[in-house]
Structures are given as C-alpha cells and as structure tokens.
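The values are calculated or read from the model by the stated rules, or taken from the named source; none is laboratory data. Please read all numbers here as calculations on a predicted model, not as lab measurements. Only protein heavy atoms, including side chains, enter the accessible area calculation; ligands, DNA and RNA are left aside. Shrake-Rupley method; radii C 1.70, N 1.55, O 1.52, S 1.80 Å.
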Amino acid sequence: MLQSVTHLLATDLDGTLVGDEAALLALLHYYSEQPYNVALIYSTGRHLRSALSLLDKEKLPHPDILITDVGTEIYYGDNLRPDEEWQRRIEAQWSPAEIKRIALACEGLVPQDIPMHHRLSYTIQDIGSVVRLEAGLNEAGIPHKLIVSSGRDVDILPPVSGKGEALRYVLKTHGLCDANVLVAGDSGNDYEMITLGYPAVIVGNAQQELLALEEHPLIFRAKKACAGGIHEAWEHFYGIKNSASLL
C-alpha cells in the first residue's frame, strides 16, 4: 500500500535515472541494502508505449506510479490503471484545436510525430517561434502551460498539468506528502517538480535550463551524471549522517 511508504524516489527517466548503466545498477543495489523500501515514481516526457519500451530495454524496476506525457497522464501499479480523475481535471481547460491553429501560424515549429492526448509537442527550428506562439496564445486568452526543454522541444499542456502538478497531485492523493521524497531531473520539463519544495537533485549532466536555477538548500547539485547523481543526492539527504538534519 502506498500509504505505508516512508521513502520515495520521483525521477525523470532519460538523462536522469537512465543514461549510465553501471551507476543505475549501483543505485538499485544501494536501495536493496537499505532497511526501508524505496517506492518509485517515474515521470517522463515519453508517451506510455515509449516509456514502457524504455523500462523493458533498460530492465528498470516497475514503478508504483508512472507519470507520462510531461505530466498529463498518470498510471498506477502493474496493470497501469489510468487516473481518470486526473484526466477529467486537466481536460476542463484544454483547447487543442485552438492551440494547433495558432501554432500553425508560427513559422519554425515542427509538430512531433508522437501519440498526443493532452499535450501538443513541437520541435523548435527558430526560438523566436516560441515567443510568437506564447504571445498568440496569450492574446487569444487560451489557458495553457508552455514548457521548453533541451533547447529544442516545446510542449503545450493544459494549465493545471505538467510534471510538477502531477507529482503534487499523486503525493497528496495517496497520503505521501510526509514521506522522505527525493525528486530528480535533468531538463526544463523537470523544473516544476524540482522546485516543488521537496529534497531534489539536479544531476551532473543537466541541461542549462535547470543549471540556471537559484541555489536552494533543498536542491542538490550533483557532480555525477544520471543515476550516479541520484545516488549522491540520496546520501546527502537521507544517508545515516544527514537524514537527521531533515527531521
């Protein structure tokens, strides 16, 4: 039962948990030796089928909660039960047809060929197109959330969604707000969950959009990349010598 969880890792996949096989194996072994179980929340920009393919390829443990599509889809357990309440919540302010119309007029945006239900994703050819898109959406009064990642990808989401809002929602819904949480990410679409107010790590290979974040005692800047950075941060926040300082 999730309500009994005491320790929890909420992590992005590509470039964060995944990217250094040896470091990933070392992290998982480290967790297996702890006197507590570490629940897993994966939060990824990938769509469901792509995320599951990555889990299989990298032989990742199945998560307790899987958040996909930049925080617009949430699934639970081994049977991947979708969170229908979350879907209803974000659909209330979602206007994809109007957003597509405005994006079409913005030269320099190339639609990404991926399944999209509650997101619209583009590759940026001209950064000025993002400015024009944002201006057009605001002028039309269309509720939205616009996220730029890795200097090349832009996602337009329902305004109450995104990785940060999705993580906040699942922690509150399942009574996990008081668990020992570590949030991990490497790029712009992780910004909101990194800054939620829980102990967090920016892995050593992070993109500039995260590296530009202001210093904060709850945001650990790892020297090591990917899972190695998560391992560093877990020791920093929850190692035997340091966990007492968070109480």
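Odds and ends about this structure:
- Using alpha-carbon coordinates, inclination of helix 226-238 to the longest axis of the chain, degrees: 60 degrees
- Using alpha-carbon coordinates, inclination of helix 127-139 to the longest axis of the chain, degrees: 70 degrees
- Over 30 Å (Cα to Cα) - which of 100/172; 57/100; 100/223; 57/223; 57/163; 100/224 fall in this group: 100/172; 57/100; 100/223; 100/224
- Amide H contacts for residue 180 (H built 1.01 Å from N in the peptide plane; partners 5 or more residues away or on another chain; cut-off under 5 Å): 7, 8.
- For the chain, adding -39500 (n - 2.57) for each run of n ≥ 4 DSSP H residues and dividing by the number of residues yields -10000 deg cm²/dmol at 222 nm.
- For the set 236, 117, 29, the ranking by accessible area, highest first and with no ligand, DNA or RNA atoms included, is 117, 29, 236 under a 1.4 Å probe.
- Overall, the ratio between the Cα radius of gyration of region 1-119 and 2.2 N^0.38 Å, rounded to two decimals, is 1.26.
- Sequence-ordered 3J(HN,Hα) estimates for region 213-220 from the Karplus curve with 6.51, -1.76 and 1.60 and θ = phi - 60° stand at 4, 5, 5, 8, x, 8, 10, 8 Hz, glycine and proline given as x.
- Region 8-15 - phi-based ³J(HN,Hα) in whole Hz, Karplus 6.51/-1.76/1.60, Gly and Pro as x: 8, 10, 10, 9, 5, 9, 4, x
- Rolling a 1.4 Å probe over the heavy atoms of the protein chains gives region 149-247 an accessible area of 44 Å² per residue.
- Rg/Rh for region 159-225 (Cα atoms only, Rh after Kirkwood) is 0.97.
- Share of carbon and sulfur in the accessible heavy-atom surface of the chain [1.4 Å probe, %]: 51 percent
- Taking the longest Cα principal axis of the chain as reference, the axis of helix 21-32 is set at about 50 degrees.
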